[in-house]
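Q: Following this message is one structure expressed as C-alpha cells.
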Amino acid sequence: MKKAALFLTICFVALSGIVTAQNRTEITLEKGWKFTREDNVASQNRDFDDRGWQSVRIPHDWAIYGPFSPTNDRQDVAITQDGQKEAMEHAGRTGGLPFVGVGWYRNSFDVPHFSTDKKVSIQFDGAMSNAVVYVNGKEAGQWHNGYNTFHFDITNLLNKDGKNNSLAVRLENFTEQSRWYPGAGLYRNVHLVVTNESHIPIWGTYVTTPRVNDEFAEVNVKTKIEYPTGDATAADFELETIIKDTEGNPIAQQIDRLDNFSDNEFNQSLIVMNPVLWDVLKPNLYSVESKLIKAGSVIDNYNTTFGIRNIEIIPDKGFFLNGRRVNFKGVCMHHDLGPLGGAVNDAAIRRQIRILQEMGVNAIRTSHNMPAPELVKAADEMGMMLAVETFDEWGIPKVKNGYNKYFDDWAEKDVVNVVHHYRNNPSVVMWFIGNEVNEQSVMWGARVARFLQDIVQREDPTRFVSNGMDRPDAVFANGMAAMMEVAGFNYRPFRYKEAYGRLPQQIILGAETASTVSSRGVYKFPVERKSMAKYDDHQSSSYDVEHCSWSDLPEDNFVYHDDLPYCIGEFVWTGFDYLGEPTPYYSDWPSHSSLFGIVDLAGIPKDRYYLYRSHWNADEETLHILPLDVEGQRRGDHSCVCLHQSSHR
Ligand code: GAL
C-alpha cells in the first residue's frame, strides 16, 4: 500500500515536471542566423535562398566590424545644442561606422512542445532599427524605435506542424538618425515564448510593495491573464501566487479565483515577514511564481523577480532609499560597449558596473534610451540604481531622421513597453521622459511633457519621473520645469538656487553634469583650465582641466550636489567613453569617439576616476599620483603636484 502511494507520488512529480515544462517555454534564438546588407525584396519569402549570406550569431552589430570612414553618416549640420550657428562637417558624430542602410536577418525555427492550441510570441529585446518582422513570408509586425523591447503574437503565421518556420527581419538605419553611434541590426537577444492558449501574457505581472517596515512588507501582485473567449469564463481560472526568498524557499502564498476580480486581472496582497530589503549596499531579491490553474490543472507558470524596498522623495530633504538619505552619485551611460559596439554582452556590462561601483557610483542614467534587459538584471543583482530613459527627442527634430518621425504615433506604445518591461525591477528608481528636447522652447512644450509623464504615472505610479532640461529660462516660462515630478537640469548647477526659488517641487536633480573632456595618459602643458581646447593629436589633457563651452570640471559641481539639501545628486556625463560625439573634435577625422568618459573606451580608468573615487567612495582610501607638471614646478607653481586623495582622511 505504502509502495503504491510512493509510486503514485513519483509519477505525479515526474508528470507535473513535464507538464510544467510544456506550460511555458522560452528559448533564445541565438544560433543559425543568416545575414546580408543587400536589400533584396524577396528576402522575406519563406523559400528564398539565403545560402550565400553570412552566418552570424545574435546578438550581432553589423556595423562594429567597420571599416571606419569619414563618409559613414557624415553629417553637415549645425549642432545647435552645442551653440553652432552654421552647418559644418561632422564626420565622426555617430562613430564613423557603416550602420546606415538596410540589413536582413533570416533564420528558421521549430516551435518546442508545439500543438495547435499553443500561443507563440516572438520578442526582440531591441532591433536597430525600423524592424519589419516576417514569419513564413507574412508580416508579423513593425517597430521603429531601435532600443525598445517589443513582441508580436505569431501563432497564426506558423506552419501547421509548428516546424521549420522561416523568420526574416528587415532593419533600416538612416543618415542623421542619431547623435551618437546607435549600433545596427539584431544587437540584442531574440526570444520565442510558447504558452497555452490561456496564459499570463508577456510582462503580465506587476509587483509593488506599498508598505515596507522592519516587521513586514505588503507585496501587491497584479496578474493579467488572457484566454480564448467562448471556450472559458473567469470562473474557470484560479491563480496561485507564491513568493520565494533568494534561495527559492516559499515564504508566502495565496490562491484566488478570477471571477472575484475584473478586467481579467488578479489583484492579490501578500505579507512577507521580516523582509530583507533591496539596497545598493545589499541587493536582496525575491521572486514570485504565478501558477495559473484551469479546472484544477496548472496551465501556466510565470516567474517574476522583484525586490522589497522603499523609495521616497521628501521636499527640501532629498531622496531616501529604505529611509536613508541617498544622493545620486550617478553617471550617464550610452548603450555601446566600446570595441564590442552595440552588441549586448552580459560580462562587459557587469564589468562596467563593477568598475563604476569601485569608484563609488550608485546610479546609472540610461541616456538617452531604453536599456538592454541584461543591464537591468545586472543592476538588480549588483545593487546599482537606474534612471531609465525613453527619448532624446520628441516631435521637434534634433536630427533630421530621428525619433521625431515616429513620435506622434509611437510615443505612447514605446513608453508603455519600457515601463511594463522594467516596472518590477527594484534597481529602477526613476523614469526619464526626455533629454534636452526642443519642446523646451515652445509655449506648448509642457503639454507634451505632461502627456508623457501621465503615461508613465498611469503605468507605474511607484517611481519618480524626470526630464533632462538645459534651458532654464524657457522651461520656467512654459511651465515644463514646474510640471515635472522631479526637475532635472543639465549643466546648470549655478542656477539650482534660482530654480529652487521658482519651482514648486523643492527638489532639484543634476540630470547631466560635468562633460569634462580628457584622454587617458595624455598630459598637456602648461596645466591650464581651458574651454574647447584642441591639439594636433586630437586628444584632451588627462589633468582634467578641460571642458566644453557649456560644461564644467567635476569639482565645479561637487559643492552644489553635496551641500544643497534640496538637490538629490547628479549624473555625470559620462561614466565610460562611447562611440561617436568626439567633441571638441567635431570635424577632425579620424576622431570618432567621445572624450567625456571618466573611464575610457576600453574600460580603463582615466585620472579623473580617482578624483571621483576619493569623493564618492568614502569607505575606501584613494591615493592616486599623476605625472608631474615639471614645467609648472620650475615656474614655482606648486599646485601642479597632482594628487587625488580621499577627502575623508
Ligand atoms: C548634452 C547632451 C548629451 C551630450 C552632452 C555632451 O547636452 O544631453 O547627449 O551630447 O551634451 O556634452
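Q: Looking at this structure, is VAL102 hydrophobic (A, V, I, L, M, F, W, C), surrounded by fewer than 20 Cβ atoms within 10 Å (Cβ to Cβ) and within 27 Å of the chain's Cα centre (by Cα)?
A: Yes; evaluated as a whole, the condition is true for this residue.
Q: Go through the residues of the stretch 503-523 one by one and say whether even a single one is farther than 22 Å from SER367 by Cα, among the hydrophobic types (A, V, I, L, M, F, W, C), in contact with a Ser or Thr (Cβ under 8 Å, 6 or more places away or on another chain) and surrounded by fewer than 18 Cβ atoms within 10 Å (Cβ to Cβ).
A: Checked against the condition, which is being farther than 22 Å from SER367 by Cα, among the hydrophobic types (A, V, I, L, M, F, W, C), in contact with a Ser or Thr (Cβ under 8 Å, 6 or more places away or on another chain) and surrounded by fewer than 18 Cβ atoms within 10 Å (Cβ to Cβ), the stretch 503-523 yields at least one hit.
Q: Cβ-Cβ under 8 Å, sequence separation 6+ or interchain: first residue in the stretch 278-304 and at pLDDT below 95, partner surrounded by 16 or more Cβ atoms within 10 Å (Cβ to Cβ) and not charged (D, E, K, R). Which pairs?
A: Partner pairs satisfying both residue conditions: LEU281/GLY383.
Q: Just to be sure, is ALA140 aliphatic (A, V, I, L, M), more than 16 Å from the ligand (Cβ to nearest atom), at pLDDT 95 or above and farther than 30 Å from GLU439 by Cβ?
A: Numbers: aliphatic (A, V, I, L, M): yes; more than 16 Å from the ligand (Cβ to nearest atom): yes; at pLDDT 95 or above: yes; farther than 30 Å from GLU439 by Cβ: yes.
Against the criterion (aliphatic (A, V, I, L, M), more than 16 Å from the ligand (Cβ to nearest atom), at pLDDT 95 or above and farther than 30 Å from GLU439 by Cβ), ALA140 qualifies.
Q: Please verify whether ASP82 is among the charged types (D, E, K, R), closer than 29 Å to LEU601 by Cβ and out of contact with any strand residue (DSSP E or B) (no Cβ under 8 Å at 6 or more places or on another chain), treating the condition exactly as stated. It would help to see each step written out before you state the result.
A: Working: among the charged types (D, E, K, R): yes; closer than 29 Å to LEU601 by Cβ: yes; out of contact with any strand residue (DSSP E or B) (no Cβ under 8 Å at 6 or more places or on another chain): yes.
Considered against the rule, which asks whether it is among the charged types (D, E, K, R), closer than 29 Å to LEU601 by Cβ and out of contact with any strand residue (DSSP E or B) (no Cβ under 8 Å at 6 or more places or on another chain), ASP82 comes out as yes.
Q: Please give the strands (runs of 3 or more DSSP E) falling wholly within the stretch 161-213 in which 1 or more residues are of a type in the set (A, V, I, L, M, F, W, C) and under 30 Å from LEU321 (Cβ atoms).
A: 205-212
Q: Restricting to the stretch 339-361, give me the number of residues that are closer than 25 Å to ASN145 by Cβ, part of a loop (DSSP other than H, G, I, E, B) and not hydrophobic (A, V, I, L, M, F, W, C).
A: Of the residues in the stretch 339-361, 3 are closer than 25 Å to ASN145 by Cβ, part of a loop (DSSP other than H, G, I, E, B) and not hydrophobic (A, V, I, L, M, F, W, C).
Q: A follow-up question, please. Suppose the filter is farther than 30 Å from PHE266 by Cα and more than 21 Å from the chain's Cα centre (by Cα); does LYS160 pass it?
A: Judged against the criteria, LYS160 is a match.
Q: Continuing with the same structure: Taking only pairs six or more apart or across chains, which ones have beta-carbon atoms under 6 Å, a first residue in the stretch 587-601 that is without any contact (Cβ under 8 Å) to a residue 24 or more places away in the chain and closer than 12 Å to SER540 by Cβ, and a second residue that is more than 15 Å from the ligand (Cβ to nearest atom) and not in a strand (DSSP E or B)?
A: Note: no pairs meet the criteria.
Q: If you check ARG520 against the conditions, is it in a loop (DSSP other than H, G, I, E, B) and at pLDDT 95 or above?
A: The answer is yes for ARG520.
Q: When the stretch 546-592 is examined, which residues are found to be near the ligand (Cβ under 10 Å from one of its atoms) and either of a type in the set (A, V, I, L, M) or assigned to a strand (DSSP E or B) (or both)?
A: Within the stretch 546-592, HIS547, TRP573 qualify.
Q: Also, quick follow-up: Mind telling me which of the residues ASP259, ASP245 ends up being of a type outside the set (Gly, Ala, Ser) and touching a helix residue (DSSP H, G or I) at 6+ places or on another chain (Cβ under 8 Å)?
A: Just a single option satisfies the conditions, and that option is ASP259.
Q: For the stretch 196-250, enumerate the residues that are surrounded by fewer than 20 Cβ atoms within 10 Å (Cβ to Cβ), closer than 20 Å to LEU277 by Cβ and small (Gly, Ala, Ser).
A: Once the filter is applied, which keeps residues that are surrounded by fewer than 20 Cβ atoms within 10 Å (Cβ to Cβ), closer than 20 Å to LEU277 by Cβ and small (Gly, Ala, Ser), the stretch 196-250 yields only GLY248.
Q: Additional query: Six or more apart or on different chains, Cβ atoms under 7 Å: show the pairs whose first residue is in the stretch 418-436 and within 15 Å of ASP380 (Cβ to Cβ) and of a type in the set (A, V, I, L, M, F, W, C) and whose second is modelled with pLDDT of 95 or more and in a helix (DSSP H, G or I).
A: Here the result reads VAL428/VAL376; VAL428/TYR422, each pair linking the stretch 418-436 to a residue that is modelled with pLDDT of 95 or more and in a helix (DSSP H, G or I).
Q: What number of residues within the stretch 384-398 satisfy the criterion of being surrounded by 23 or more Cβ atoms within 10 Å (Cβ to Cβ) and away from the ligand (no atom under 15 Å from the Cβ)?
A: 4
Q: Can you work out which of the residues in the stretch 105-142 that are buried (at least 19 other Cβ atoms within 10 Å of the Cβ) and β-branched (Val, Ile, Thr) is farthest from ASN417 (Cα to Cα)?
A: Out of the qualifying residues, it is VAL111.
Q: Right, another one. Among the residues of the stretch 523-545, how many are within 16 Å of the ligand (Cβ to nearest atom), part of a loop (DSSP other than H, G, I, E, B) and in contact with a strand residue (DSSP E or B) (Cβ under 9 Å, 6 or more places away or on another chain)?
A: Within the stretch 523-545, residues that are within 16 Å of the ligand (Cβ to nearest atom), part of a loop (DSSP other than H, G, I, E, B) and in contact with a strand residue (DSSP E or B) (Cβ under 9 Å, 6 or more places away or on another chain) number 4.
Q: Restricting to the stretch 459-472, name every residue that is away from the ligand (no atom under 16 Å from the Cβ) and charged (D, E, K, R).
A: Of everything in the stretch 459-472, those that are away from the ligand (no atom under 16 Å from the Cβ) and charged (D, E, K, R) turn out to be GLU459, ASP460, ARG463.
Q: Restricting the search to the stretch 495-522, which residues are within 16 Å of the ligand (Cβ to nearest atom) and closer than 21 Å to ASP562 by Cα?
A: Those that are within 16 Å of the ligand (Cβ to nearest atom) and closer than 21 Å to ASP562 by Cα: ARG495, LEU509, GLY510, ALA511, GLU512, THR513, ALA514, SER515, THR516.
Q: Sticking with this one: Among the residues of the stretch 414-453, count how many are more than 16 Å from the ligand (Cβ to nearest atom), surrounded by fewer than 19 Cβ atoms within 10 Å (Cβ to Cβ) and more than 24 Å from HIS151 (Cβ to Cβ).
A: 6
The values are calculated or read from the model by the stated rules, or taken from the named source; none is laboratory data. From a predicted model like this one, the values you see are computed outputs, not experimental measurements. Cβ coordinates were reconstructed from backbone atoms using ideal geometry, including for glycine residues, and neighbour counts include every protein chain displayed.
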